[in-house]
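No lab work stands behind these numbers, since they all come straight from the coordinates. Fair warning: this is a prediction, and the values are worked out from it, not measured in the lab. All Cβ positions, glycine included, derive from the backbone under ideal geometry; neighbour counts span all protein chains shown.
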Amino acid sequence: MPYRPAVAKDLQWDEVKDFHRYADFPTDPDERMNAITSSLNNGMKALTWSVGLSRSWRTPIQIQAYVRQAVGEGYVVYPGVFQNYVELTMGPVGAVVQANVKKGKREVKAFALTDEGEHFKPVVDYTIKYFVDNDLDFYEVFSTASRGAPKTRIDILKILAEQGEKTEAYIVKELDLSPYAVMIHAESLRDINLIDFESASLHEGKKGFPYILVRPINELRKLGGFNVERIKKSFKKLGCDHKNGKRFTYIEFGESSGHHEVASSSIISLLDKTGFIKPATSFRGRSVRSSLKPNEETKRFYNGWIVPVSKALETGEVSPLITELDRNHYFAVSERFRKTSPSVNKQSKVDRVSELTALIKNAPGLTARALAEKMGLGAARVLQLAGLAMEKNLITSVPSETSENVLCYYPA
């Protein structure tokens, strides 16, 4: 288990030096929302901000100890993971500062909340309580393949809650997104029942939405954490370049590169955002009739989380969000994180794929949502595992009779 012995108490350091502030906390309400959502895109990050950090200087081991104290028997990650959360997520949005602290002869890196990080901690606590009480998962609501996606999902939910049903074309124009990006966000929100979504053309069975290269792929130097050379080889294998205008879909790209569907869709989204590809056809015709619809959960989330949190971030008045949390809340978040986070799930991918394959063999026709309930995982995690199982030809999928956008899984 990823535990190391440590005592959850603050220390009086002999020396604090090399103070470093990553950035100022934003003043614009929209940027504040983006800072909060990007810092809470998994449950362990929420616990880090809520109980792991304070105005006192704490090392990664101390942060881990405070989180472990809060969650009891719940799951806790390594100290180095907590350090990555702080340095890569909370520091850059201005919620945390860093320094080197010294005790005796030993000098280590430590972190503390900024004034703003401490001030807006009630927003984090309120989010923890709301998500636990309403059976929501941080990773599934705020998970992102590219910068700004958590805020984008909030914007989509606000539009639907305030204005009612909207076409994909409207969302594309209103939020200045690509059709593919809207489809990805809409499917993710639908999978966790925060909206209803019927796509008329973006998926067209298994073909997917067509794209073309518009820049030389050899100019690509990096793309998130993906292997650039593997991406280049895939386009060469497909026979696509920026001159011949040959079409491809994310399904075809995934088959060529060996990426599963989740990774393939993330790569295509990033290539679209960086201007290397664009839709091969205009966003017209049947796609205009595709629609995103609010449901009861949309309205519940809007009134219960978006409205009060947006007001607090705009005015700075957080007292209405001050929340009393207990160990049950912290434990629920840590265990949900263990089940839904692909990087730390206690069971290996091989074991999970075997479990998923066995369930489908025993009950052909299960949907991702049904599999998620049976496996105790999130829908996003199940979709990833299903992609891996299909790569190995263990299962296959067909559109549901009720909706072509909901897949049913069968043994291969």
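Worth a mention:
- The string of couplings for the range 40-57 from the Karplus curve (6.51, -1.76, 1.60, θ = phi - 60°) is 10, 7, 8, x, 5, 5, 4, 5, 4, 5, 6, 10, x, 10, 7, 6, 7, 6 Hz, one whole number per residue in order, with x for Gly and Pro.
- The modelled label-to-label distance for the pair K173/K232, using points 7 Å beyond Cα in the direction of Cβ, is 4.0 nm.
- Backbone amide hydrogens, once placed in the peptide plane, bring K278 within less than 5 Å of I212, V214, excluding anything fewer than 5 places away on its chain.
- Angle between the chain longest axis and helix 29-39 axis [Cα atoms, degrees, rounded to 10]: 90
- Degrees between helix 379-391 axis and first principal axis of the chain (Cα, 0 to 90, nearest 10): 50
- For the chain, with +1 on Lys and Arg beta carbons and -1 on Asp and Glu, the positive-most of P294, I395, G258 along the dipole: G258
- Length available on full extension from K243 to A358: 0.36 nm per residue minus the Cα-Cα distance, which gives 36.8 nm.
- With a simple spin-label model that places each label point 7 Å from the Cα along the Cα-to-Cβ direction, the separation between V350 and K374 comes to 2.3 nm.
- At an R0 of 35 angstrom, the distance between the Cβ atoms of D28 and R215 translates into a FRET efficiency of 0.65.
- Highest GNM mean-square fluctuation among L383, L325, L53, for the chain modelled with Cα contacts below 10 Å: L325.
- Angle in degrees between helix 149-163 and the longest Cα principal axis of the chain, rounded to the nearest 10: 70
- Filter on K278/K311; K236/K339; K349/K374; K17/K222; K151/K237 - keep pairs with C-alpha separation over 27 Å: K278/K311; K236/K339; K17/K222; K151/K237
- Once the Cβ-Cβ distance of N100 and D133 is raised to the sixth power relative to R0 = 41 Å, the FRET efficiency obtained is 0.55.
- In plain terms, the chain from A412 to K17 could stretch by 136.2 nm, reckoned as 0.36 nm per residue minus the Cα-Cα distance.
- Using a Gaussian network model of the chain in which every pair of alpha carbons under 10 angstrom is joined by a spring, one finds that among K45, K158, K243 the greatest mean-square fluctuation is at K243.
- Close amide H contacts of T396 (hydrogens built in the peptide plane, cut-off under 5 Å, sequence separation of 5 or more or a different chain): Y410, A412.
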